[in-house]
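What follows is a set of notes on a single structure, which appears directly below.
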Amino acid sequence: MILGLLKEHGTETRVALLPDIVQNLTDLKVEVLVEQEAGEKAFVTDAAYEEAGAKIVTRNEIFEKSEVVLQIQLPLTNEVDKLKGSQVWISAFNPLWETDLVKTFQEKGLTTFSLDSIPRTTRAQAMDILSSMATVSGYKATLEAALKLPTFFPMFMTAAGTIRPANVLILGAGVAGLQAVATARKLGAQVFVFDVRSAVKEEVKSLGGKFVEVEGATEDKDAGGYAVEQTEEYKNKQQEAINAQAIKSDVIICTAQIPGRKAPLLIPKSTVEKMKPGSVIVDLAASTGGNCELTKNDETVHFQGKTIIGQSNYTSLMPIDASRMFGKNVLNFLKLIIGEEGALNLNFEDDIVKGTCITHQGELYNERVKSTIENK
């Protein structure tokens, strides 16, 4: 198998594979082609890739020679046509949201895998890029909130008096939210957490957070651990509980998202107006609309003395470890499609391979993506 690693575009600083992972692949008899300067923004030189056994080539050579083309982001629009029907495209292209791209892949008969669609099963944990990248995001978001907040996070007993600890509200107790809880607690803040999934209550408590419980949430065991759409009655009760806690908070970190849908609005403008001057909101759901009404993606908004940071790509602010984690996830997935002597082996009998495959030979393979597109 010949695998081509592309350089990321735009503001992305990560790279899908670091040299140590390339070495693992070459040991499996996979030939690895790396685009020139692919790892530059993650502080990796071309020489390091060559030492690991890769060959440095141009971007066009990647498309011409590779059986499998790999990067983190979705492909550039003008490069989809460069892909041949015999090639396999692997990236994290958010198929539940990028449905037009999925249709293009399908129409062209391309075989594509989206790493953000890996089934969330015990066996697939070592390949779960969403959890890995959410760990980075939750950590970095909390640190930025601490830097922007004009008060301390921890309590201090000083000769000048007692400094009370900051109140931090985390919306969503997925991996990003739980990492935010852990980091905020280590910094000494009082942490309150809201999530519609009652199953995360014990995890929140084990990290030292206080769970804000609202009864009556709808939960779906088939949702793969994700939150699902709630009833209007529950949304009203939820909003009251969040508003009451939000106006007492110094920091709010928003992580609540529903795959394939606009992020739920949890912090309306009216709530922000009641928050204390100097308060900070960090919205990790910014790219899908944000949990705060005032959020603007990739922007920092200042409103009546409060700061709202719309940032959904904290992983690019920590490119070395983010790339390391992403690459290890990728390697574990690639091992499922690498056969004897390094040959490509697309085994669709494997539930992880099938679940991660979005399109193949003109067919939609992923059931959730198929349902989303058919119901649009």
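The values are calculated or read from the model by the stated rules, or taken from the named source; none is laboratory data. Everything quoted here is computed from the prediction, not taken from an experiment. Counting neighbours? That spans all protein chains shown, and the Cβs are built from the backbone with ideal geometry, glycine included. SASA here: full protein model, heavy atoms, side chains in, ligands and nucleic acids out. Shrake-Rupley method; radii C 1.70, N 1.55, O 1.52, S 1.80 Å.
Do you know which residues across region 159-174 are under 27 Å from LEU130 (Cα atoms) and either modelled with pLDDT under 95 or small (Gly, Ala, Ser) (or both)?
First, the residues of region 159-174 that are under 27 Å from LEU130 (Cα atoms): 168-174.
Scanning region 159-174 gives GLY172, ALA173, GLY174.
For residues that are in contact with a strand residue (DSSP E or B) (Cβ under 8 Å, 6 or more places away or on another chain) and in a strand (DSSP E or B), tally how many sit in region 330-372.
7
Can you tell me which residue in region 189-202 is nearest to LYS237 (Cα to Cα), limited to those that are open to solvent by 30 Å² or more (accessible area, probe 1.4 Å) and either in a loop (DSSP other than H, G, I, E, B) or modelled with pLDDT of 95 or more (or both)?
The residue in question is ARG197.
Determine, yes or no, whether ILE62 is assigned to a helix (DSSP H, G or I) and open to solvent by less than 50 Å² (accessible area, probe 1.4 Å). Give the derivation first.
Working: assigned to a helix (DSSP H, G or I): yes; open to solvent by less than 50 Å² (accessible area, probe 1.4 Å): yes.
Considered against the rule, which asks whether it is assigned to a helix (DSSP H, G or I) and open to solvent by less than 50 Å² (accessible area, probe 1.4 Å), ILE62 comes out as yes.
Quick check on region 115-134: of everything there that is in contact (Cβ under 8 Å) with a residue 12 or more places away in the chain and part of a loop (DSSP other than H, G, I, E, B), which residue is surrounded by the fewest Cβ atoms within 10 Å (Cβ to Cβ)?
Of the residues in region 115-134, the ones in contact (Cβ under 8 Å) with a residue 12 or more places away in the chain are 115-121, 123-124, 126-134.
Imposing the further condition that a residue be part of a loop (DSSP other than H, G, I, E, B) reduces the set to 118-121, 123-124, 128.
Working: ILE118: 24, PRO119: 18, ARG120: 15, THR121: 14, ARG123: 10, ALA124: 18, ASP128: 20.
For region 115-134, the residue satisfying everything is ARG123.
Is it the case that region 174-188 has a residue that's open to solvent by 30 Å² or more (accessible area, probe 1.4 Å), farther than 30 Å from GLN71 by Cβ and in contact with a Gly (Cβ under 8 Å, 6 or more places away or on another chain)? First the steps, then the outcome.
Restricting attention to region 174-188, the residues satisfying the condition of being open to solvent by 30 Å² or more (accessible area, probe 1.4 Å) are 175, 179, 185-187.
Among the residues that remain, those that are also farther than 30 Å from GLN71 by Cβ are: 185-187.
So of that shortlist, the ones also in contact with a Gly (Cβ under 8 Å, 6 or more places away or on another chain) come out as 185.
Yes, because at least one residue in region 174-188 is open to solvent by 30 Å² or more (accessible area, probe 1.4 Å), farther than 30 Å from GLN71 by Cβ and in contact with a Gly (Cβ under 8 Å, 6 or more places away or on another chain).
Kindly indicate which of LEU76, LEU3, LEU25, LEU18 is in contact (Cβ under 8 Å) with a residue 12 or more places away in the chain, out of contact with any strand residue (DSSP E or B) (no Cβ under 6 Å at 6 or more places or on another chain) and more than 26 Å from ASP298 (Cα to Cα).
Values: LEU76 fails: more than 26 Å from ASP298 (Cα to Cα); LEU3 fails: out of contact with any strand residue (DSSP E or B) (no Cβ under 6 Å at 6 or more places or on another chain); LEU25 fails: out of contact with any strand residue (DSSP E or B) (no Cβ under 6 Å at 6 or more places or on another chain).
Result: LEU18 is the single residue among LEU76, LEU3, LEU25, LEU18 that is in contact (Cβ under 8 Å) with a residue 12 or more places away in the chain, out of contact with any strand residue (DSSP E or B) (no Cβ under 6 Å at 6 or more places or on another chain) and more than 26 Å from ASP298 (Cα to Cα).
Give the number of residues within region 340-376 that are open to solvent by less than 70 Å² (accessible area, probe 1.4 Å) and under 17 Å from VAL69 (Cα atoms).
So the answer is 10.
Would you point out the residue of region 35-59, among those that are open to solvent by less than 10 Å² (accessible area, probe 1.4 Å) and of a type outside the set (A, V, I, L, M), that is nearest to ARG14 (Cα to Cα)?
Ranking the candidates gives GLY39 first.
Which of the residues belonging to region 251-276 are more than 25 Å from the chain's Cα centre (by Cα) and open to solvent by less than 10 Å² (accessible area, probe 1.4 Å)?
Our first condition is that a residue be more than 25 Å from the chain's Cα centre (by Cα); within region 251-276, this holds for 269-276.
Scanning region 251-276 gives THR271, VAL272, MET275.
Scan (1) at pLDDT 95 or above; (2) open to solvent by less than 50 Å² (accessible area, probe 1.4 Å) for the single condition GLU79 breaks and write down its number.
Looking at each condition in turn, GLU79 falls short on (1).
Is one or more of the residues making up region 96-114 β-branched (Val, Ile, Thr), crowded, with 21+ Cβ neighbours inside 10 Å and under 12 Å from PHE326 (Cα atoms)?
Among the residues of region 96-114, not one is β-branched (Val, Ile, Thr), crowded, with 21+ Cβ neighbours inside 10 Å and under 12 Å from PHE326 (Cα atoms), which makes the answer no.
How about region 141-173: which of its residues are open to solvent by less than 60 Å² (accessible area, probe 1.4 Å) and outside any loop (DSSP other than H, G, I, E, B)? If you could, list the steps in order and put the result at the bottom.
Initial filter on region 141-173 (open to solvent by less than 60 Å² (accessible area, probe 1.4 Å)): 141-146, 149, 153-154, 161, 165-173.
Of everything in region 141-173, those that are open to solvent by less than 60 Å² (accessible area, probe 1.4 Å) and outside any loop (DSSP other than H, G, I, E, B) turn out to be ALA141, THR142, LEU143, GLU144, ALA145, ALA146, GLY161, ASN167, VAL168, LEU169, ILE170, LEU171.
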